[in-house]
Amino acid sequence: AQSVTQLDSQVPVFEEAPVELRCNYSSSVSVYLFWYVQYPNQGLQLLLKYLSGSTLVKGINGFEAEFNKSQTSFHLRKPSVHISDTAEYFCAVSDQQAGGTSYGKLTFGQGTILTVHP
Amino acid sequence: EAGVAQSPRYKIIEKRQSVAFWCNPISGHATLYWYQQILGQGPKLLIQFQNNGVVDDSQLPKDRFSAERLKGVDSTLKIQPAKLEDSAVYLCASSLEPSGNTIYFGEGSWLTVV
């Protein structure tokens, strides 16, 4: 079974400051990793994903994440945040193994609410 | 390209009543998902379809929830009878194929059971 832990439920930060949202996962098989953002009253939008290759992944809106296999982590970072980045962020994993019971299914963390203050 | 369409956006019902949600995925997407997102939690998969076949419904409360995807396109999710704990956002999502491909989410159907 897979699980995802987002270590911070809320992260307040001032505008133009750097931010890191932490995500750890556990799985018995190889996984793909994702970060989604959810703005109020909207659905989920993909920020970035790690499938293979370089462990540093760049996404939309200036976000990036680094896959660390030994620490089973996939932390999300942005060097300088804007007010418009205020939203809830979800880390998710899916099984790489074709035909596995969780193949294609996303398992989400609990979410981290990022609040950017002026 | 049109996104994943869901309706209704908002629904308030009394407990023990029934409700149905509709989803139209992105054209050509074979895989369709229904997720339940309870306030303060991450989304949880209820059911996954590949074309019109069920791939995973292990977390669907089958005594009250049902879902179908006729002709491998649109899908409906039904709850009957509803309980207070079913209050949540029901997110429909679709992808070209399972695993690794981007999953696109609709804006959700917000259900309040009173």
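State whether one or more residues within the range A:94-101 are surrounded by 17 or more Cβ atoms within 10 Å (Cβ to Cβ) and within 11 Å of the chain's Cα centre (by Cα). Looking through the range A:94-101, none of the residues is surrounded by 17 or more Cβ atoms within 10 Å (Cβ to Cβ) and within 11 Å of the chain's Cα centre (by Cα).
If you scan the range B:10-64, which residues turn out to be among the charged types (D, E, K, R) and either in contact with a strand residue (DSSP E or B) (Cβ under 6 Å, 6 or more places away or on another chain) or surrounded by 14 or more Cβ atoms within 10 Å (Cβ to Cβ) (or both)? Once the filter is applied, which keeps residues that are among the charged types (D, E, K, R) and either in contact with a strand residue (DSSP E or B) (Cβ under 6 Å, 6 or more places away or on another chain) or surrounded by 14 or more Cβ atoms within 10 Å (Cβ to Cβ) (or both), the range B:10-64 yields B:Lys11, B:Lys15, B:Lys44, B:Asp56, B:Asp57, B:Arg64.
Looking across the range A:103-118, just one residue is surrounded by fewer than 21 Cβ atoms within 10 Å (Cβ to Cβ) and free of Cβ contacts under 8 Å to residues at least 24 places away in the same chain, and that is A:Tyr103. So which residues in the range B:57-77 are touching a residue at least 12 places away in the same chain (Cβ under 8 Å), more than 11 Å from chain A (Cβ to nearest Cβ) and in a loop (DSSP other than H, G, I, E, B), if there are any at all? Once the filter is applied, which keeps residues that are touching a residue at least 12 places away in the same chain (Cβ under 8 Å), more than 11 Å from chain A (Cβ to nearest Cβ) and in a loop (DSSP other than H, G, I, E, B), the range B:57-77 yields B:Leu60, B:Arg64, B:Arg69, B:Val73, B:Asp74. Scanning the range B:101-114 for residues that are in a loop (DSSP other than H, G, I, E, B) and either in contact with a helix residue (DSSP H, G or I) (Cβ under 6 Å, 6 or more places away or on another chain) or closer than 20 Å to B:Ala5 by Cβ (or both) returns B:Asn101, B:Thr102, B:Ile103, B:Gly106, B:Glu107, B:Gly108.
Go through the residues of the range B:29-43 one by one and say whether even a single one is among the hydrophobic types (A, V, I, L, M, F, W, C), under 22 Å from A:Gly111 (Cβ atoms) and within 11 Å of another protein chain (Cβ to nearest Cβ). Yes, some residue in the range B:29-43 is among the hydrophobic types (A, V, I, L, M, F, W, C), under 22 Å from A:Gly111 (Cβ atoms) and within 11 Å of another protein chain (Cβ to nearest Cβ). Within the set A:Ser52, A:Ser80, A:Ser26, the sole residue that is within 14 Å of chain B (Cβ to nearest Cβ) and of a type in the set (Ser, Thr, Tyr) turns out to be A:Ser52.
When the range B:68-88 is limited to residues that are buried (at least 20 other Cβ atoms within 10 Å of the Cβ) and of a type outside the set (S, T, N, Q), the one that is nearest to B:Ala30 (Cα to Cα) turns out to be B:Arg69.
May I ask you to say which residue of A:Lys58, A:Lys105 is facing chain B (nearest Cβ under 9 Å) and among the basic types (Lys, Arg)? Result: A:Lys105 is the single residue among A:Lys58, A:Lys105 that is facing chain B (nearest Cβ under 9 Å) and among the basic types (Lys, Arg). Scanning the range A:3-46 for residues that are surrounded by 17 or more Cβ atoms within 10 Å (Cβ to Cβ), touching a Lys or Arg at 6+ places or on another chain (Cβ under 9 Å) and of a type in the set (S, T, N, Q) yields a single hit, A:Gln6. Looking at the range A:51-118, the strands (runs of 3 or more DSSP E) lying wholly inside it that each contain 2 or more residues that are closer than 20 Å to A:Gln2 by Cα and modelled with pLDDT of 90 or more sit at A:64-68, A:73-78, A:87-95.
The number of residues in the range A:20-50 that are assigned to a strand (DSSP E or B) and under 13 Å from the mean Cα position of the chain (by Cα) comes to 19. Among the residues of the range B:3-50, the ones that are at pLDDT below 95, among the hydroxyl-bearing types (Ser, Thr, Tyr) and out of contact with any Ser or Thr (no Cβ under 9 Å at 6 or more places or on another chain) come to 1 in all. For the range B:78-100, the tally of residues that are at the interface with chain A (Cβ under 8 Å from one of its Cβ atoms), over 14 Å from B:Gln6 (Cβ atoms) and in contact (Cβ under 8 Å) with a residue 12 or more places away in the chain stands at 3.
The values are calculated or read from the model by the stated rules, or taken from the named source; none is laboratory data. It should be emphasised that the depicted structure is a prediction, and the values quoted were computed from it without experimental measurement. When we count neighbours, we look across all protein chains shown, and the Cβ atoms used for this are built from the backbone with ideal geometry, even at glycine.
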